[in-house]
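So the structure is just underneath, and the comments pick up after that.
The values are calculated or read from the model by the stated rules, or taken from the named source; none is laboratory data. Computed from a prediction, not measured in an experiment: that's the story for all the values here. Heads up, the Cβs are rebuilt from the backbone with ideal geometry, glycines too, and the neighbour counts pull from every protein chain shown.
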Amino acid sequence: MSQHYPHLFSSFQLGTLTLPNRVVMAPMSTNMGGLDGSVTPELVAFYRARATGGTGMIIVEFCCVHRPTGRSEHRQLSLETPQQIDGHKLLVDAIASAGAVPCLQLQHGGPGVKRELVQGGVAVGPCDIHSRRDPQKLTARALGDDEIEHLIECFGTTAELGVEAGYQAFELHGAHGYLLTTFLTPYFNQRDDAWGGDEQRRLAFPTRVIKRVKAAIGDRPLIYRLSADEFTDQGLSIDDMARIAPHLAAAGLDAIHVSIGLGATSFDKIVEPMSMPEGWRLPYARRIREATGIPVISVGQIRWPATAEKAIADGDADLIALGRPLLADPAWAGKARRGDTGLIRPCTSCNYCITMSAGEHGKIGCAENPLTGRELMPIPDAGDLKGSRAVVVGGGPGGMAAALMLDQAGFDTHLYEARDSLGGGLVASAAPPFKEKLLWYQDYLQRTLGASGVEVHLGETATAERLATGAPRVVILAHGGRAIPLPIAGIDSDRVLDAYEILMGNGSQFPPPDAALPIMIYGGGETGCETAEYLAERGYQVILVSRSPAKKLARSAEAIYRMVLLERLNNNPAIRIIDNSTVDSVDDHGLVTLTGSNGQQVINQQSIAVLRLLIAQGRRPDPQLANELMAAGIPHLTIGDARQGGRIGDAVHNAYSAVVSLCAAGNGGTPELAC
Ligand SMILES: Cc1cc2nc3c(=O)[nH]c(=O)nc-3n(C[C@H](O)[C@H](O)[C@H](O)COP(=O)(O)OP(=O)(O)OC[C@H]3O[C@@H](n4cnc5c(N)ncnc54)[C@H](O)[C@@H]3O)c2cc1C
Ligand SMILES: Cc1cc2nc3c(=O)[nH]c(=O)nc-3n(C[C@H](O)[C@H](O)[C@H](O)COP(=O)(O)O)c2cc1C
Ligand code: SF4
């Protein structure tokens, strides 16, 4: 037993199987299978890294049991024929040989398929579903009795093939709005026959699938993943599920994996944004554990070993599944077991991974960890460039990540940051309410830099002249963007400030709240919206002015986070939104004039007295330093916001591409940033 987190690192008897510890990898679709559903070398490498990292059991992502009707992703895994077994054997071997237990998740997408990937472009489910936009159009059709029986068989067949491939445990995906869920929930199932009509009949399909799969897998453990609360009107609540889950358990389960949410209606719960507190789902796991009396796995927003340890010690759950944390750091479990918690690269729930893995060409990734999904393409060795001087300009996420990777590759690395502290845009990103988890990443980068060979020069603005003196082999420009100048009369007034600087903590001269005078923020992007919340939380009255319609507020923010942010903004009594309007002028007394328009037509003009006008109109790259380096003949690459305004993940991934390209070019070569 580990002396660190002893409950988390104690073994666990799951049915006939002994798990080495309580850390489970949650199933996560990688979109890295073959287009034919096969296992690829990249996929094997992805899972090997998580198994080598000390995870006790790995639940391999959803594996489709019937591709013609059930595919949810372009590159979704499948296992329907004996020809596919060999690929899965490679996956099983990679996981098992690293000491983890391989478990396969069995899934049919039901109404949650990608319709362009299934027969006739129409999904299947318990009932017909018509398009909201075009009520004549069928998006899902009700399955007939024979088809239902056939799909039960498909679950069984995939399980049998999985046994041959060597999987030691199996999980049924009965959550998140896929086929099994849709039979169970009244939200989707309005049948009145053997498969629906009341709770008992809605249980019929999941129960039959459990029994069929249990028969297929013998004494290997069977887990059922369910949504403890669907957070959907007419869906199942935790009270309903506490009543239903014992019936599922009695059908032959060894454990229940307690997830949450029902597809599109509550996607913000399934992969919740950073605003949800750590461990918020544990009471749901506890409730299901108490109701069923069988072991449960808790998942979702568990980020640190101490939270996981306490959950097990308190009896909330028997096992802890980590999804996104294992994308950020495949070695999470090993580091925790050794007590190296400070070395864990912490998942902030920024959901860049969801954006990355979406779409036809997307695949799994992580904002903080460019090697996720690129396990076969590690940071290269600097080769003949080893020991040569590399300079990074800018101590934001892109610059810090670049410096760490250069150091790892073997460069003599120097990082220049103009401000007195590191962080760059991470500081502004983490300042608004509910975003403090981003500081975890900042702390991690700073700690890791401190322990690295990188020489950090704080409070030093890099100029072409200064950079030339060190004769660097390469300079990576990660100096972010600059505020966009605006044609507003009076913009130089003391009453006007940059919202970004306020979020960066440079608001020491900022006046206290005044009930009679609001702060006006000009810009309805992410920065404007978040600054509005930031100031409202500090007692200010806020007017948020956007040139675009209100429905376009925070357009560039990550979609799930944006949903939650806009709901909060619209319900915050301290924030008033004026959309479709431009700020024309401001005077030294803080009188702002605005023009409201409807497309090309002016519809009103008004003057509002404000305490301060904050500009939040975005930042853009400034090529000046790059041009000077070019003139001086110093090789350089530009990354992150200095290259193109984007996300933290873009900056970090640019950094990776820069280091790879530099090493590939070698001595004398010219690196090219291809990303
Ligand atoms: C309010 C706000 C909220 C955001 N929220 C999110 C979010 O939730 N998720 C997300 O992914 N992204 C978010 N972003 C975007 C994110 O902050 C940026 O994409 C990211 O910080 C870009 O990183 P970077 O390293 O390229 O540049 P920056 O983070 O801008 O870092 C550039 C650094 O270079 C320094 N510098 C500039 N010139 C010089 C010089 N000549 N010499 C030395 N140092 C110099 C600067 O002081 C700065 O520290 C947000 C941005 C803002 C403004
Ligand atoms: C990229 C991605 C893919 C996912 N794919 C699946 C999946 O195949 N099957 C499933 O049941 N859940 C899937 N999930 C949900 C996770 O298993 C997990 O429940 C969720 O991410 C919350 O846990 P976390 O906070 O530890 O990430 C996925 C989540 C992510 C981020
Ligand atoms: S992209 Fe963000 S949410 Fe996804 S794993 Fe990485 S840090 Fe976590």
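A few points about this structure:
- Among the residues making up the range 278-297, those that are more than 18 Å from the chain's Cα centre (by Cα) and either assigned to a helix (DSSP H, G or I) or within 13 Å of ligand 2 (Cβ to nearest atom) (or both) are Leu282, Pro283, Tyr284, Ala285, Arg286, Arg287, Ile288, Arg289, Glu290, Ala291, Thr292, Ile297.
- Members of the range 134-189 found to be of a type in the set (Phe, Trp, Tyr) and out of contact with any Asp or Glu (no Cβ under 8 Å at 6 or more places or on another chain), listed by number: Phe155, Tyr167, Phe170, Tyr178, Phe183, Phe188
- Comparison of Ile603, Ile648, Ile578, Ile615 shows that the only residue that is at pLDDT below 95 and not assigned by TED's automatic domain parsing to the domain that holds Ala328 is Ile603.
- Under the condition of being crowded, with 17+ Cβ neighbours inside 10 Å and either at pLDDT 95 or above or in contact with an Asp or Glu (Cβ under 6 Å, 6 or more places away or on another chain) (or both), the residues counted in the range 252-266 number 10.
- Looking only at the range 364-397, and only at residues there that are outside any loop (DSSP other than H, G, I, E, B) and over 16 Å from Leu458 (Cα atoms), the one that is farthest from ligand 1 (Cβ to nearest atom): Asp384
- Residue within the range 10-22 that is within 20 Å of the chain's Cα centre (by Cα) and either outside any loop (DSSP other than H, G, I, E, B) or not assigned by TED's automatic domain parsing to the domain that holds Thr69 (or both) present: no
- Scanning the range 23-82 for residues that are in a helix (DSSP H, G or I) and without any contact (Cβ under 8 Å) to a residue 60 or more places away in the chain yields Leu43, Val44, Tyr47, Ala51, Arg67, Pro68.
- Residue check, Arg115 away from ligand 1 (no atom under 16 Å from the Cβ) and either more than 28 Å from the chain's Cα centre (by Cα) or of a type in the set (Phe, Trp, Tyr) (or both): no
- For the residues Ile288, Ile302, the requirement of being within 16 Å of ligand 3 (Cβ to nearest atom), in contact with a strand residue (DSSP E or B) (Cβ under 7 Å, 6 or more places away or on another chain) and among the β-branched types (Val, Ile, Thr) singles out Ile302.
- Test: residue in the range 513-521 that is modelled with pLDDT of 95 or more and in contact with a helix residue (DSSP H, G or I) (Cβ under 8 Å, 6 or more places away or on another chain): yes
- One residue stands out among those in the range 529-566 that are assigned to a helix (DSSP H, G or I) and aromatic (Phe, Trp, Tyr): the one that is nearest to the chain's Cα centre (by Cα), which is Tyr561.
- Residue count, the range 341-363 (criterion: away from ligand 3 (no atom under 12 Å from the Cβ) and not in a helix (DSSP H, G or I)): 6
- Members of the range 314-332 found to be away from ligand 2 (no atom under 14 Å from the Cβ) and farther than 20 Å from Ile256 by Cβ, listed by number: Ala331
- Scanning the range 414-441 for residues that are more than 19 Å from the chain's Cα centre (by Cα) and within 16 Å of ligand 2 (Cβ to nearest atom) turns up nothing.
- Hey, Pro111 in contact with a Lys or Arg (Cβ under 9 Å, 6 or more places away or on another chain) and in the same structural domain as Ile58 (by TED's automatic domain parsing) or not: no
- Conditions (1) under 28 Å from Ala328 (Cα atoms); (2) surrounded by 22 or more Cβ atoms within 10 Å (Cβ to Cβ); (3) more than 22 Å from the chain's Cα centre (by Cα); (4) not basic (Lys, Arg): number failed by His636: (1)
- Qualifying residue in the range 133-142 (condition: touching a His at 6+ places or on another chain (Cβ under 7 Å) and either in a strand (DSSP E or B) or outside the structural domain of Thr207 (by TED's automatic domain parsing) (or both)): yes
- The set of residues from the range 420-455 being over 25 Å from Arg568 (Cβ atoms) and more than 11 Å from ligand 1 (Cβ to nearest atom) comprises Asp443, Tyr444, Gln446, Arg447, Thr448, Leu449, Gly450, Ala451, Ser452, Gly453, Val454, Glu455.
- Restricting the range 379-429 to residues that are hydroxyl-bearing (Ser, Thr, Tyr) and in contact (Cβ under 8 Å) with a residue 60 or more places away in the chain, the residue that is surrounded by the most Cβ atoms within 10 Å (Cβ to Cβ): Ser429
- Within the set Leu445, Leu439, the sole residue that is aliphatic (A, V, I, L, M) and in contact (Cβ under 8 Å) with a residue 40 or more places away in the chain turns out to be Leu445.
- Scanning the range 92-122 for residues that are farther than 20 Å from Asn31 by Cβ and part of a loop (DSSP other than H, G, I, E, B) yields Ala98, Gly99, Ala100, Val122.
- Any chance Ile364 is modelled with pLDDT of 95 or more, surrounded by fewer than 24 Cβ atoms within 10 Å (Cβ to Cβ), under 17 Å from Arg647 (Cβ atoms) and within 12 Å of ligand 2 (Cβ to nearest atom): yes
- Only one of the listed residues (Gly646, Gly596) is small (Gly, Ala, Ser), surrounded by fewer than 19 Cβ atoms within 10 Å (Cβ to Cβ) and assigned to a loop (DSSP other than H, G, I, E, B). That residue is Gly646.
- Looking only at the range 315-340, and only at residues there that are in contact with a His (Cβ under 8 Å, 6 or more places away or on another chain) and in a helix (DSSP H, G or I), the one that is nearest to ligand 1 (Cβ to nearest atom): Ala336
- Lone qualifier among Ile491, Ile521, Ile476 - being in contact (Cβ under 8 Å) with a residue 12 or more places away in the chain, under 29 Å from Arg538 (Cβ atoms) and assigned to a strand (DSSP E or B): Ile521
- Qualifying residue in the range 506-521 (condition: within 10 Å of ligand 1 (Cβ to nearest atom), among the hydroxyl-bearing types (Ser, Thr, Tyr) and on the phi < 0 side of the Ramachandran plot): no
- Residue, farthest from ligand 3 (Cβ to nearest atom), within the range 649-667, restricted to residues that are assigned to a helix (DSSP H, G or I) and among the polar types (S, T, N, Q): Ser661
- Out of Ser298, Ser349, Ser357, one residue alone is under 17 Å from Met25 (Cα atoms), of a type outside the set (Val, Ile, Thr) and either at pLDDT below 95 or within 15 Å of ligand 1 (Cβ to nearest atom) (or both). It is Ser349.
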